[in-house]
1. Mind checking which residues of the range 367-391 are in contact with an Asp or Glu (Cβ under 6 Å, 6 or more places away or on another chain) and closer than 30 Å to ASP245 by Cβ?
2. Among the residues that make up the range 81-94, is at least one of them in contact with a strand residue (DSSP E or B) (Cβ under 6 Å, 6 or more places away or on another chain), of a type in the set (Val, Ile, Thr), modelled with pLDDT of 95 or more and surrounded by 17 or more Cβ atoms within 10 Å (Cβ to Cβ)?
3. How do the pairs read when you match residues in the range 177-206 that are under 17 Å from PHE116 (Cα atoms) with residues anywhere that are of a type in the set (A, V, I, L, M) and assigned to a loop (DSSP other than H, G, I, E, B), using Cβ under 6 Å and keeping only pairs 6 or more apart or on different chains?
4. Which condition number in (1) in contact (Cβ under 8 Å) with a residue 24 or more places away in the chain; (2) outside any strand (DSSP E or B); (3) of a type in the set (A, V, I, L, M, F, W, C); (4) surrounded by fewer than 21 Cβ atoms within 10 Å (Cβ to Cβ) is the one that VAL212 fails?
5. Filter the range 447-461 down to residues that are crowded, with 18+ Cβ neighbours inside 10 Å, farther than 16 Å from PHE362 by Cα and not acidic (Asp, Glu), then give me how many there are.
6. Might you let me know whether the range 145-164 holds any residue that is part of a loop (DSSP other than H, G, I, E, B), exposed (fewer than 14 other Cβ atoms within 10 Å of the Cβ) and not acidic (Asp, Glu)?
Amino acid sequence: MAGTSILVYAERVGGNLGEIEKLLKGPLKDFDGIHVLPFFHPYDGDDAGFDPIDHTIVDPRLGTWSDFKRISQTHELTADLIVNHASNLSPEFLDWQEKGDASEYNGLFLTFDTVFPNGGTEEMITSFYRPRPGFPFTAYEVAGKRRLVWTTFMPSQVDVDIKHEQGMAYLKRILEALKSGGVKVVRLDAVGYAVKTPGTDSFMTKETLEFVKEITDLIHSYDMRVLVEVHAHYTQQLDIAPIVDLIYDFQTAPLLLHSFFTGTVDRLDNWFKLRPNNCLNVLDTHDGYGVIDGGPIGGRPGLITQDEMAEIFKVAEKNTGGHSAIASVIPQWFSLPHQINATLPNIVANDTAYVIMRAVQFFLPGEPQVYYVGLFNGMDDQELFRKTAQGRDVNRHHYTPSEIAEALEQPVTRAIIALARVRKHPAFAGDFSWKVTGEDSMELSWTKGDDKLTLSFAFKNPQLRITSLVNGESSVYEGVEGLASY
């Protein structure tokens, strides 16, 4: 079985890559990999690094490529290829703004007339799916003329024309830098929005899938694996899974909340029959706690209903003292937020239930990845939210080394780290099975020959038990404290 990993911001876990390297050599040594969220120059732009001015260099405040090379010697390193856009302060965009058609980067950035050469009707323009309120383009002065440049996410994030030779050359320059820095897995960030096709919503269309195949082949030529991030209807996840090496399992996360909040596991059972095996198993992420991925989208029924999605937000609002409703953002042309902006421990408000969710994450086929705030059992950073007014910042706390040391002593954090050790059990090289044992309870098992590992859990009165059989010796670990001692 593939390994486990953690998801971090370099500047928010101890402040730099050196502190992260110490953790990977010490208390987090049982994890096999690490995904460092955008560490490029600058890491602290308008969108927390997802708007790089230079996508090929490490921000010197965090470290250097040499730091990554050392980390990559012992841990599989994942980094982002931000496919859809660059910063409006990038040298390429500034050069094009100044010189227009005479710029060597002419064609790199996507304009309104490139997508609509014959003009766009109201219906064509409003059909585009956008994760933020408003329209997906911004007026910029380019060589003395006002141009409408596509900005799918923010005005400062200017979209790249991935169909133009300049667009592909730009992406290749980044891939060469990632490869030289020791990166083994490339995450295609925002790739679902990268291909604009008039007459469609331009999100995860057949044209998008064709591009994903093309860029996957390109990344494979650099001897790196491909991870695709797509928040979409579960059937679209199933469509893209065979094309790439790893696809996020964003569905299990909302289904686990539904199970805990309702005391039922039938929806989990249904999803386990469908989910692909090449998943990156995630719960909370830097974007929040996803809910939309489990529900109906575009008229297609979901794994849970719209009303059940709304109920998840309602209970989360109650458990967070009303704050998740304040911090969560409803996108354009949708009735609910995509994600709950709160930490998962705050949303669940029950240590045993929280660790059960983590245990399910680690027991499912695929590659478990834990977000740093969830790993440290973090609570909502409401102070940071008040400072920035960015809803996702409640789940993006800046941890000092002393705060990390304190978190590592918590039973919940020790239990999650223990799950990384559990994942090395020899039974994980065998066969996976599961069964429903009651309305609110399940067993997940791995078996290889005489070796067996079983997770048993129930949600109404949260209970957790892991049973291990290795070389004829049986061990049982119950509850949070019991698991922490594994």
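The values are calculated or read from the model by the stated rules, or taken from the named source; none is laboratory data. Everything numeric in this text was worked out from a predicted model, so none of it was measured. Glycine also receives a Cβ, built like all others from the backbone with ideal geometry; neighbour counts cover every protein chain displayed.
1. Those that are in contact with an Asp or Glu (Cβ under 6 Å, 6 or more places away or on another chain) and closer than 30 Å to ASP245 by Cβ: TYR371, GLY374.
2. yes
3. Final answer for the pair search is ALA194/VAL83; ALA194/ILE162.
4. So VAL212 meets the others, but not (4).
5. Summing the residues that are crowded, with 18+ Cβ neighbours inside 10 Å, farther than 16 Å from PHE362 by Cα and not acidic (Asp, Glu) in the range 447-461 gives 2.
6. No, because not a single residue in the range 145-164 is part of a loop (DSSP other than H, G, I, E, B), exposed (fewer than 14 other Cβ atoms within 10 Å of the Cβ) and not acidic (Asp, Glu).
Let's see how each residue does on (1) farther than 25 Å from TYR486 by Cα; (2) without any contact (Cβ under 8 Å) to a residue 40 or more places away in the chain; (3) crowded, with 21+ Cβ neighbours inside 10 Å:
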| position | (1), (2), (3) |
| --- | --- |
| GLY366 | no, no, yes |
| LEU375 | no, no, yes |
| LEU384 | yes, yes, no |
| ASN395 | yes, no, yes |
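Residue-by-condition table, conditions (1) assigned to a loop (DSSP other than H, G, I, E, B); (2) among the aliphatic types (A, V, I, L, M); (3) within 27 Å of ASN350 (Cβ to Cβ):
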| position | (1), (2), (3) |
| --- | --- |
| THR216 | no, no, no |
| HIS220 | no, no, no |
| ASP223 | yes, no, no |
| ALA253 | no, yes, yes |
| ASN270 | no, no, yes |
| TYR289 | no, no, yes |
